[in-house]
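To start, the structure itself, in structure tokens.
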Amino acid sequence: MNCRSEHIWIELIAGSRKTSNFCWAFILFLGSLGFFLVGISSYLGRNLISLFPSPQIIFFPQGIVMSFYGIAGLFISSYLWCTISWNVGSGYDRFDRKEGIVCIFRWGFPGKNRRILLQFLMKDIQSIRIEVKEGIYARRVLYMEIRGHGTIPLTRTDENLTPREIEQKAAELAYFLRVPIEVF
């Protein structure tokens, strides 16, 4: 969802709450829970999961390794669920021509720097930069070049925009900000 008028451009940025992240966290949780239960089953000598007969899996070394992979997977799964619940990476980009200010806001991990807010003057924006890398792992990223601060990414690196979409987005933003476009 974006909001545009003559003087203000607000673009909402999706964070970690995406369908793919929910799917990966759920799949990883179920898989690692299965590994952990099979490893524990081999230790106890009881069948905790009816699909895998535990007497066939020897505790040392297979059961230990499966328990380790299960615990590691549960930690990674809990990390994914935390990033989803905190919605890390979400925020907005606000370009205000009337006040001459650019605000870039993102939510981070809990702690001292949970709220990430960058503010710049519009007169310090030198250009809008498009970085295009084609190939097996195509990458198209939109940056804002700011005098004295370097480049700031405006799109997510995992956002798969087509060349036409990234060009259109760059052209509209450059027109709104009245700055040139650079292609790298």
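The values are calculated or read from the model by the stated rules, or taken from the named source; none is laboratory data. Keep in mind that this is a model prediction, so the values were computed, not measured. Ideal geometry is used to build each Cβ from the backbone, glycine not excepted, and the neighbour counts take in all protein chains shown. Just so you know, the surface numbers come from the protein's heavy atoms only, side chains and all, with ligands and any DNA or RNA stripped out. Shrake-Rupley method; radii C 1.70, N 1.55, O 1.52, S 1.80 Å.
Structure above, values below:
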quantity: Qualifying positions in region 128-144 - surrounded by fewer than 18 Cβ atoms within 10 Å (Cβ to Cβ) and either at pLDDT 95 or above or aliphatic (A, V, I, L, M) (or both); calculated: VAL132, ILE136, ALA138
quantity: Residue in region 170-181 that is touching a residue at least 60 places away in the same chain (Cβ under 8 Å), under 15 Å from ASN2 (Cβ atoms) and out of contact with any helix residue (DSSP H, G or I) (no Cβ under 9 Å at 6 or more places or on another chain) present; calculated: yes
quantity: Out of ILE49, ILE64, ILE10, ILE57, sole residue that is under 30 Å from GLU99 (Cα atoms) and either open to solvent by 90 Å² or more (accessible area, probe 1.4 Å) or aliphatic (A, V, I, L, M) (or both); calculated: ILE10
quantity: Among (1) touching a His at 6+ places or on another chain (Cβ under 8 Å); (2) open to solvent by 50 Å² or more (accessible area, probe 1.4 Å); (3) assigned to a strand (DSSP E or B) - the single one PHE120 does not satisfy; calculated: (2)
quantity: Failed item, numbered, when PHE75 is tested on (1) open to solvent by less than 70 Å² (accessible area, probe 1.4 Å); (2) not assigned by the TED database to the domain that holds ALA174; calculated: (1)
quantity: Search result, residues across region 79-102 that are exposed (fewer than 14 other Cβ atoms within 10 Å of the Cβ) and more than 15 Å from the chain's Cα centre (by Cα); calculated: LYS98, GLU99, GLY100, ILE101
quantity: Any hit, region 101-116, residues being at pLDDT 95 or above and small (Gly, Ala, Ser); calculated: no
quantity: Strands (runs of 3 or more DSSP E) fully within region 1-102 counting 3 or more residues that are in contact (Cβ under 8 Å) with a residue 12 or more places away in the chain and within 30 Å of VAL141 (Cβ to Cβ); calculated: 8-13, 91-96
